[in-house]
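S.K.: This is the structure I have questions about; it appears just below.
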Amino acid sequence: MRKTLKLPENLGRYLCVILLVGCKKIRQEPQQQILAKIDTAVQQNAAIKTDEKYSCEDLLKELVFSSNLEVLKKFRDIAVRSENISAEKMTIEVYAKETSDRTGELRTVENTVAWLDFIPESKKLYDITADPESPVELNYDKTIFTRHSLSELCGLKAAGSPQRKTDISCKEIAGEMTSGQECIISSATLEKAYKDLIDKGAVKDSKYLPKELPAKNTSMEINQNGLMNIDFKVTGNKVSIEMLYAGGMTDITFEKQGNNVKRTVMYNAD
């Protein structure tokens, strides 16, 4: 007579528990991997969006604030702005915001406390406040450029990149109660010709003009220094700008002529 092998009473229960735990673990592992991938994608997407909001001004601010510039220790509220940006040199103004009551009421004023030059090619930062001819080299966090692209954020072209030469030839215009200048700017776009006018201050009160040429008709109320408002009229290959003063008007026109642009500036008295 064969003997019957008796199994422990709890063995079946143990086997069920082991199978349930194993199945749960199998189901959980793929789910955890999927969640991890989703989390990584979200983080990467967030990083991309954050960098999209990061501007050239933000980069310069981070660069200056990480430096050993002495004035950073002397003022509480400090800000920076770019005054000139090119592939050869970037000039940075450092200014302090302070509260003043000289006019009888509290208001915030800006005082320039330092001037800096940054050389994109060598990645060197200089303090030129005391003497531009004898700049003082500053130290800063150079890992900034491992996180952000200077050329992309600030729109820099390689220093040695070929560029078409731009020539400008001008002649004076005079009439009854009017005077001005007509210039032919070779190998230029309307935007480039406008930027040249702003950069060179080729018209009175150019500081009130926007840095970028508007893409559509635009009106700006100024009411400063006798200048009341500025009107832009953009039509195809021609841009007309009227700067209206209390005692006259300045007319500026840019007209595309083949590869060139004709720029006319006329000062009209009432």
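The values are calculated or read from the model by the stated rules, or taken from the named source; none is laboratory data. On a predicted model such as this, the values are computed, not experimentally measured, just so you know. Cβ: placed from backbone, ideal geometry, glycine included. Neighbour counts: every protein chain shown. The area values use the complete protein model at the heavy-atom level, side chains included, leaving out ligands, DNA and RNA. Shrake-Rupley method; radii C 1.70, N 1.55, O 1.52, S 1.80 Å.
S.K.: Only residues in segment 227-251 that are among the basic types (K, R) count as the first member; pair them with residues that are surrounded by 14 or more Cβ atoms within 10 Å (Cβ to Cβ) and part of a strand (DSSP E or B), Cβ under 6 angstrom, at least 6 apart or cross-chain, and list the lot.
M.R.: K233/S240; K238/E255
S.K.: Taking segment 104-119, which residues are at pLDDT below 90 and either open to solvent by less than 20 Å² (accessible area, probe 1.4 Å) or among the charged types (D, E, K, R) (or both)?
M.R.: E105, R107, E110
S.K.: Oh, and also: Determine whether segment 86-97 contains at least one residue that is in contact (Cβ under 8 Å) with a residue 40 or more places away in the chain, of a type in the set (S, T, Y) and either surrounded by fewer than 15 Cβ atoms within 10 Å (Cβ to Cβ) or more than 26 Å from L153 (Cα to Cα) (or both). Spell out how you get there, then give the answer.
M.R.: Here is the first cut: in segment 86-97, the ones in contact (Cβ under 8 Å) with a residue 40 or more places away in the chain are 86-88, 90.
The next check asks that each one be of a type in the set (S, T, Y); those that pass are 86.
Keeping just the survivors that are either surrounded by fewer than 15 Cβ atoms within 10 Å (Cβ to Cβ) or more than 26 Å from L153 (Cα to Cα) (or both) gives 86.
Checked segment 86-97: at least one residue is in contact (Cβ under 8 Å) with a residue 40 or more places away in the chain, of a type in the set (S, T, Y) and either surrounded by fewer than 15 Cβ atoms within 10 Å (Cβ to Cβ) or more than 26 Å from L153 (Cα to Cα) (or both).
S.K.: To continue, here is another question. Answer yes or no as to whether L197 is part of a helix (DSSP H, G or I) and at pLDDT 90 or above. Lay out the reasoning, then the answer.
M.R.: On the way: part of a helix (DSSP H, G or I): yes; at pLDDT 90 or above: yes.
Yes.
S.K.: Select from segment 200-211 the residues that are assigned to a loop (DSSP other than H, G, I, E, B), surrounded by 14 or more Cβ atoms within 10 Å (Cβ to Cβ) and of a type outside the set (D, E, K, R) and list them in ascending order. Can you show your working first?
M.R.: If we filter segment 200-211 for residues that are assigned to a loop (DSSP other than H, G, I, E, B), which is where we start, we get 201-205, 209-211.
Cutting the leftovers down to surrounded by 14 or more Cβ atoms within 10 Å (Cβ to Cβ) gives us 202-205, 209.
The answer is A202, V203, L209.
S.K.: Can you name every residue in segment 183-208 that is over 14 Å from V239 (Cα atoms) and of a type in the set (S, T, N, Q)?
M.R.: S186, S187, S206, listed by residue number.
S.K.: Just checking, how many residues over segment 212-270 are open to solvent by 60 Å² or more (accessible area, probe 1.4 Å), charged (D, E, K, R) and more than 20 Å from C183 (Cβ to Cβ)?
M.R.: Of the residues in segment 212-270, 4 are open to solvent by 60 Å² or more (accessible area, probe 1.4 Å), charged (D, E, K, R) and more than 20 Å from C183 (Cβ to Cβ).
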